[in-house]
Amino acid sequence: MHSNRQAKPLPSRVYVYERYGVRVYSIGYKRPGGSWAFRLSCDIADRQEIAALREEATYRTTGDQQDYLHSKTFTAVAKHWINWQTNLPQDSAEKRADSTLAENRREIAQLSPAFGRRKVTALTKVDAYTYLRDSQSKGRSAKGNKEIALARLILEYAVTLGILVNNPFDRVKKSKTKRTARLVTDDEMDLAVRAGRQMGGQYLVVALALKTAWLCLRRSVEVRGLQVQQINEQGISWKAGKIRRSDVPIVGLIHWSTELKATVDDALSLRGPNQSQECFVFGTHTGERYTKGGWKIMLHKLMVKAQALADEEHIPFQRFSLQGCRPKGITDKLALGHNDVMDATLYSSERMIRDVYDRRRVREAMPAR
């Protein structure tokens, strides 16, 4: 199981801190004062990563590069980057939010078939553009752009480790993308909620989540992660999802309206009378958070029912998800002349609101005089 112990002798300063636990392997080095100079860890069953961490520990403590510079695959460097991010202090300015890191793991899984086994020293700009063209042909240009941006970041991490001299993905031009103008209508939202009420149970939970995302202008991950403890007498408290850990947390309070209060009360009534503060408002019947797959299945069935109602009543209808509810909320507030959209969204700049979320078809303004 632990044959890596004999694979290559470790410098004594890190050997004494090498640990093979039941679930986790760790290695590192402490400074004379007792603080960690670095500490790396991975799953005890991942023998390839254990070997890579031992190699990195040796390099960090001795500077002996030998075969280190030319042996790293993209997968190995990506794992190191994830491990580095995971082990950063909570107050580090470089540490990413948990939700961002979870998305990065999914993006790395998409990148791996193309770059995973390639040595990072062999990657070129052509590889990045080939990936972008392939993504474009599959109708996923925007996601391809995000994934290559992450790959560039990971390769920059390889530069800091001395694995690369220059980043091969620097100055790669993004694929052109067409911004969606899709705007969920009031009729479509009403049909989704009515479908949820007719189906009942967890389908109503999903429908109420859609309505809450619209009324509170929230991202998908925020709504699915809403907990009872965020609800108070004044309204619902939402924490900025993209704020860096080193910054002071920003909380946005969405005050109650009659419609929002009724929507949340309906959702809470489906949780039962003894829900804990950690209970997810739009979770399973036991109050646990839905997986992405589970949520997708529930939403699909809800939309099928809403489409059937629309067909019966001859109402135009297009299926939508939580991602379409924030643009609707922002657009509705802008159309009503509300001046608190930035406070509601917790954005620090109007650019995202103006360029991405404002879907108004008609803009109204007063004359100069």
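Since every read-out is calculated from the coordinates, none of them should be taken as a lab result. Given the structure is predicted, the values throughout are model-derived calculations rather than measurements. Cβ atoms come from the backbone with ideal geometry, glycine included; neighbour counts cover every protein chain shown.
Assorted remarks:
- Helix-only arithmetic for the chain: the sum of -39500 (n - 2.57) across DSSP H runs with n ≥ 4, divided by the residue total, places the mean residue ellipticity at 222 nm at -15000 deg cm²/dmol.
- Dipole of the chain, positive direction: furthest Cα of Trp81, Val356, Gly33, with charges on the beta-carbon: Trp81
- Relative contact order of the chain, pairs being alpha-carbon contacts under 8 Å that are 6 or more residues apart, as %: 14
- Fully extended contour minus Cα-Cα distance, from Arg117 to Gln136, at 0.36 nm per residue: 4.6 nm
- Site pair Asp170 and Asn339 shows an inter-label distance of 4.6 nm when each label is modelled 7 Å from Cα along Cα→Cβ.
- Charge dipole of the stretch 80-178 about the Cα centre (unit charges at C-beta), most positive-ward option of Ser92, Gln110, Ser135: Ser135
- Residues Tyr129, Tyr290 arranged by fewest to most Cβ contacts within 10 Å: Tyr129, Tyr290
- A simple spin-label model places the labels of Ser276 and Glu103 2.9 nm from each other, with each point 7 Å out along Cα-to-Cβ.
- Taking amide H as placed 1.01 Å from N in the peptide plane, Trp238 has its amide H under 5 Å from the amide H of Gly252, Leu253, Ile254, each at least 5 places away in sequence or on another chain.
- His314, His80, His338 arranged by Cβ crowding within 10 Å, fewest neighbours leading: His314, His338, His80
- Directionally averaged shadow of the chain, computed from the convex hull of its alpha-carbon atoms, nm²: 25.1
- Isotropically averaged projected area of the stretch 249-369, using the convex hull of Cα atoms (one quarter of hull area), nm²: 11.6
- Rounded to 0.05, the FRET efficiency of the Tyr20 and Val362 pair, given R0 = 51 Å and the Cβ-Cβ distance, is 0.20.
- Over the stretch 154-271: Rg over Rh, Cα atoms, Kirkwood Rh: 1.16
- Multiplying each eigenvalue of the alpha-carbon gyration tensor of the stretch 68-178 by 5 and taking the square root yields semi-axes of 22, 18, 12 Å, largest first, rounded to whole angstroms.
- Simple spin-label estimate for Glu350 and Leu309 in nanometres, 7 Å along Cα-Cβ: 3.7
- Residues in the stretch 161-202 reached by a label modelled at Thr124 [backbone nitrogen below 14 Å; 7 Å Cα→Cβ]: 168-169
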